[in-house]
Amino acid sequence: MKTAQDKLDFYGARHARQRQRAENSPQDQAASFFASVYEHYLEEAEDERIIEQRARAGELIELRFMGERANGRLPLRALLDAVDPFERGMAHAAHRLHTGETARQPVQSVRDLLGLEFAGLEHGSTRVLVLGDSRADLTGVNLFEATATQVFRFLNAKGDDFYDAADAIGGQAARCIDDLLKETSGYGMTLEMSCQRDLLPWLSWRGTTDEIDRVRRLIETTQEPEVYEETLEGVVAALSDAGSITLRIGDEKRRVRFPLKLIEQAQQLTIAQPAKLRVLTSRYYDSVFKRDVYKHTLIG
C-alpha cells in the first residue's frame with residue numbers, strides 16, 4: 001500500500017465486513033474485535049491522508065535527523081532541544097517578514113498566522129513532521145510559505161546572498177537556527193530539511209557535518225548591523241513578487257525589501273514612477289572582503 005488512500009480503501013473494506021459480521025452475529029466476539037482493530041487502522045490512515053494532502057499543499061516541513069544517535073529512534077532530549085529553536089526561528093523569521101522589525105518575542109498574532117503544529121514522528125524513524133498554515137490572508141499573502149522560503153534560502157545562501165538572506169529573516173531568527181544546528185551537531189547528528197510543494201519549487205537543505213559548520217561559521221562571523229532610518233529618493237526600476245522594490249538613484253540601484261504588512265502600499269507603486277521611500281537601513285560589515293554591505297527595509 002503506497003499511499004494513505006490505499007490504506008483507507010484496504011482497511012475500510014475489511015472494517016465494513018467485520019462490522020457487518022458483528023451486527024449480524026452479536027455473539028461473534030472475533031468479529032467485534034477485528035472491527036475495532038480495523039477502525040483504529042482507519043483512523044491512522046485518515047491522519048496520514050490529511051498529512052499527505054497538506055504536504056502537497058506545501059504545509060509540511062520535514063526534519064530528518066541522521067547519525068549514530070538517530071538510528072531508527074530519536075532521544076527525547078535531542079528532539080526537544082532541536083524542535084524548540086526551529087519553532088522559535090520560524091516565528092522570529094515570520095515576525096521579521098510580516099512587520100519588518102525584530103523583537104525579543106514574536107507577537108502571538110504572527111505565530112497564529114504561521115500556524116505551526118507538531119504533526120509527529122514518522123513511525124520507527126527520525127523524521128520530525130511540522131505543519132504550518134498555508135492559507136493566504138486578504139491581500140493574498142501566505143506567511144508560512146513566505147517564511148519557509150526565506151528560511152531555506154538562508155540555509156542555502158552563499159557569498160553576497162547570505163547578507164540579504166540574513167537581513168530578510170533577522171538576527172533573532174538566525175541565532176535560533178544556529179541553536180538548532182549546534183544542538184544537532186552536539187548530539188552527533190546531521191540534518192536534512194525539506195518542504196515538498198505541488199505548485200511551487202520544492203525547498204530542501206542537506207545539513208551534512210561540513211554544511212552545518214559552514215552555516216554556523218557564517219552566522220557567528222556576521223556582526224550585528226548598525227541600523228538607522230533614512231529616506232531614499234529615486235525612480236522605481238522594478239517590483240518583485242518576492243517582496244522588494246528596486247529604486248534607481250542616479251547611476252546605482254538600491255533594493256528595498258517591504259514587510260508583508262505594507263504590501264498594499266508597495267502595490268501602489270508603478271515602474272518608472274518617482275518615489276521617496278522611508279527605510280530602515282542595516283549596515284553590515286563583511287569581514288572577509290573588508291567592506292560595508294547595506295540592506296534596506298521599507299517602514300512607511
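The values are calculated or read from the model by the stated rules, or taken from the named source; none is laboratory data. These numbers were taken from a predicted model, which means no experiment stands behind them. Quick reminder, even Gly has a Cβ in these numbers, built from the backbone with ideal geometry, and neighbours come from all protein chains shown. These accessible areas exclude ligands, DNA and RNA; they are computed on the full protein's heavy atoms, side chains included. Shrake-Rupley method; radii C 1.70, N 1.55, O 1.52, S 1.80 Å.
Numbers below:
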item	result
Per-residue HN-Hα couplings for region 176-181 [Karplus 6.51, -1.76, 1.60; θ = phi - 60°; Hz; x = Gly/Pro]	5, 5, 4, 4, 4, 5
Calculated from backbone phi, Karplus (6.51, -1.76, 1.60) coupling profile of region 22-32 in Hz, x at Gly/Pro	5, 5, 6, 10, x, 8, 7, 5, 5, 5, 4
Listed residue pairs exceeding 29 Å between alpha carbons, taken from Lys261/Lys295; Lys182/Lys253; Lys158/Lys253; Lys158/Lys182	Lys182/Lys253
Helix 209-221 axis, angle to the chain major axis (alpha carbon atoms, nearest 10°)	40 degrees
Cα shape, region 197-255, gyration tensor, a/c 1.5 rule	oblate
At q = 0.12, 0.13, 0.19, 0.20 Å⁻¹, base-10 log of I(q)/I(0) for region 148-300 (Debye sum, equal scatterers on each alpha carbon)	-0.60, -0.69, -1.20, -1.26
Residue among Arg255, Arg19, Arg127 with the largest mean-square fluctuation in a Gaussian network model of the chain, springs linking Cα atoms under 10 Å	Arg19
Convex hull volume per residue for region 233-300, taking Cα atoms only, in Å³	94 Å³
Efficiency of FRET from Cβ geometry, Phe33 and Arg175, R₀ 45 Å, rounded to 0.05	0.25
Base-10 log of normalised Debye intensity for region 86-235 (one unit scatterer per alpha-carbon) at q = 0.19 Å⁻¹	-1.31
Glu229/Arg291 FRET efficiency (R0 22 Å; Cβ-Cβ; nearest 0.05)	0.45
Calculated on alpha-carbon atoms, Rg and Dmax of region 1-100 in Å	20.7, 67
Answer label, with Kirkwood radius over Cα pairs in Å calculated from the coordinates and candidates (i) 21.7; (ii) 20.6; (iii) 22.8	(i)
Average accessible surface area per residue within region 25-114, 1.4 Å rolling probe, Å²	57 Å²
Per-residue ³J(HN,Hα) for region 34-48, Karplus 6.51 cos²θ - 1.76 cosθ + 1.60, θ = phi - 60°, Hz, x for Gly and Pro	5, 5, 5, 5, 5, 5, 5, 4, 5, 5, 5, 5, 5, 4, 5
For region 181-223, the Rg and Dmax computed from alpha carbons only, in angstrom	12.8, 38
Residue-span extension gain [Arg49 to Ala275] - 0.36 nm each, minus C-alpha spacing	76.4 nm
Share of carbon and sulfur in the accessible heavy-atom surface of region 106-249 [1.4 Å probe, %]	49 percent
